[in-house]
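Take a look at the structure below.
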Number of protein chains: 2
Amino acid sequence: MSKSLEFLTEALRRLPGVGPKSAQRMAFHLLQHDREGADMLSRALHQAVSAVHHCALCNTFTEEEVCDTCIDEERDRRLLCVVETPADQLMIEQTLTYKGLYFVLMGRLSPLDGIGPRDIHLEKLVARATDGLVTEVVLATNFTNEGEATAHYISEMLKARGLKVSRLARGVPVGGELEYVDAGTIARAMLDRRAT
Amino acid sequence: MSKSLEFLTEALRRLPGVGPKSAQRMAFHLLQHDREGADMLSRALHQAVSAVHHCALCNTFTEEEVCDTCIDEERDRRLLCVVETPADQLMIEQTLTYKGLYFVLMGRLSPLDGIGPRDIHLEKLVARATDGLVTEVVLATNFTNEGEATAHYISEMLKARGLKVSRLARGVPVGGELEYVDAGTIARAMLDRRAT
């Protein structure tokens, strides 16, 4: 195999979820059928790496000093929603139920992987949440073990600073049939049951 | 989402087998955890697109006029093995059982997808196979419907020009248990049975 092709296959393996076979298939596909796409991807990568950095306020990816969401005058500055990733933020935006601002951790606490409070920018979060305008922080980290631990840690940290902290409700998903929902979820939904 | 990030996500979707969710995950991963990898991939794509083209003799990817395999003096110039892709050629090379040369179609006949004889460089193959040195062409296209049709088409074409044409043997795979081998394969192995 030619040197350039080997280098390309190796570079494609840096993508998450791409093994040696897929990388080879991708390289052959681009060179045989989509050189325009390969050119486009090369430029997109170069551009993203040079232009994209973190929002000074919410820590998400942006090309400006402060991202479009943080700058939006229509947003409720009293609410701050903490999410793990920009993808999670997009999911919440799609629900159209939240009009406050965000803080994106870009990760979750995971001591086993060596990811501590500093790696998820908790100092930046504390500074952001204590700006004098924020009154409630909504924790929307994932409901995995690591996400729950992260939420717990942040909750203790912010409550100690006098902030109101809430967490997304847990319970049976919409469309969920009890027969097929796991026992842990049902137990939680029972404990958190609401008057109708 | 920032413009550069949208452009990058869109560009990653040009890779085979990558949908919108994976593309987003890849983009976030590269920007958050592996900017060096993103840079490397950008350069590798650019380099491959500008340097890699097809070998004048065997049609595989190379950066030279003629690829390393075709130029190798140790190879038996009387044998020419026809494969669909460079990946197939690598698999055959790994067996260490073949010392002839190759012709890489870079595809297979597939009328439903609009892929005809011209798209798999059959004119170039005929010119290559009738160089006066080649005496036997070994067809090693896949044993799929399309690969078989391609082998049949090439076989007729080359036999009409007086060349000896052979096909990889079909049969029960090494380690195969009859109970779990499909009937078509067993039927084929029965018809092609060999004296011991």
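Only the coordinates and a few stated rules stand behind these numbers; no lab work does. As the structure is a prediction and not an experimental result, all values here were calculated from the model. Virtual Cβ from ideal backbone geometry, glycine too; neighbours counted across all protein chains shown.
General observations
- Packing-based exposure ordering (other Cβ within 10 Å, fewest first) of B:96, B:139, B:90, A:12: B:96, B:90, B:139, A:12
- Cα centre as origin, Lys/Arg/Asp/Glu Cβ charges: chain A dipole, Debye: 420 debye
- For the range A:65-117, GluC sites (Glu not before Pro) meeting the loop criterion (DSSP other than H, G, I, E, B) and having at most 11 other Cβ atoms within 10 Å: A:65, A:73, A:74.
- Farthest toward positive dipole pole in the range B:2-58 [+1 Lys/Arg, -1 Asp/Glu at C-beta], among B:30, B:15, B:58: B:15
- The angle separating the long axis of helix B:3-12 from the principal Cα axis of greatest extent in chain B is about 10 degrees.
- Least to most buried among B:33, B:54 (fewest other Cβ within 10 Å first): B:33, B:54
- Built amide H within the under 5 Å cut-off of residue B:57, gap 5+: B:67
- Karplus (6.51, -1.76, 1.60) ³J(HN,Hα), θ = phi - 60°, over the range B:185-191, in Hz, Gly and Pro reported as x: 5, 5, 4, 4, 5, 5, 4
- Highest-fluctuation residue, A:22, A:155, A:110 considered, GNM on chain A with Cα pairs under 10 Å: A:22
- Distances, shortest first, from the label point of residue B:19 to those at the same position in the other copies read 2.0 nm; the point lies 7 Å along Cα to C-beta.
- Proxy reagent accessibility, fewest Cβ within 10 Å first, across B:104, A:165: A:165, B:104
- Anchor residue A:3: lysines whose Cα lies under 21 Å away (excluding residues fewer than 8 positions away in-chain): A:21
- Among chain A residues, the one whose Cβ is nearest the axis of the rotation from A to B, given with its distance rounded to whole Å, is A:42, 2.
- Rounded tilt (10° steps) of B:35-51 against the dominant C-alpha axis of chain B: 50 degrees
- Amide H partners (placed H, <5 Å) of residue B:138, local residues excluded: B:80, B:81, B:82, B:166
- For the range A:1-149, a Kirkwood hydrodynamic radius built from all Cα pairs, placed in the Stokes-Einstein relation at 25 °C and 0.890 mPa s, yields a translational diffusion coefficient of 136 µm²/s.
- As a length-normalised measure over Cα pairs under 8 Å and 6 or more apart, the relative contact order of chain A settles at 13 percent.
- Compared with the rule-of-thumb size 2.2 N^0.38 Å for a compact globular protein, the protein assembly as shown has a Cα radius of gyration ratio of 1.36.
- Computed Kirkwood radius, in angstrom, where 1/r is averaged over Cα pairs of the range B:3-51: 11.2 Å
- Once the Cα atoms are used to define both axes, helix B:86-95 deviates from the longest principal axis of chain B by about 60 degrees.
- When the Cα positions of A:133, A:150, A:79 are compared along the charge dipole of the range A:74-167, A:133 comes out farthest toward the positive end, with charges on each C-beta of Lys, Arg, Asp and Glu.
- Under the combined filter of DSSP loop state and at most 12 neighbouring Cβ atoms within 10 Å, the range B:117-159 retains none of its trypsin sites (Lys or Arg not before Pro).
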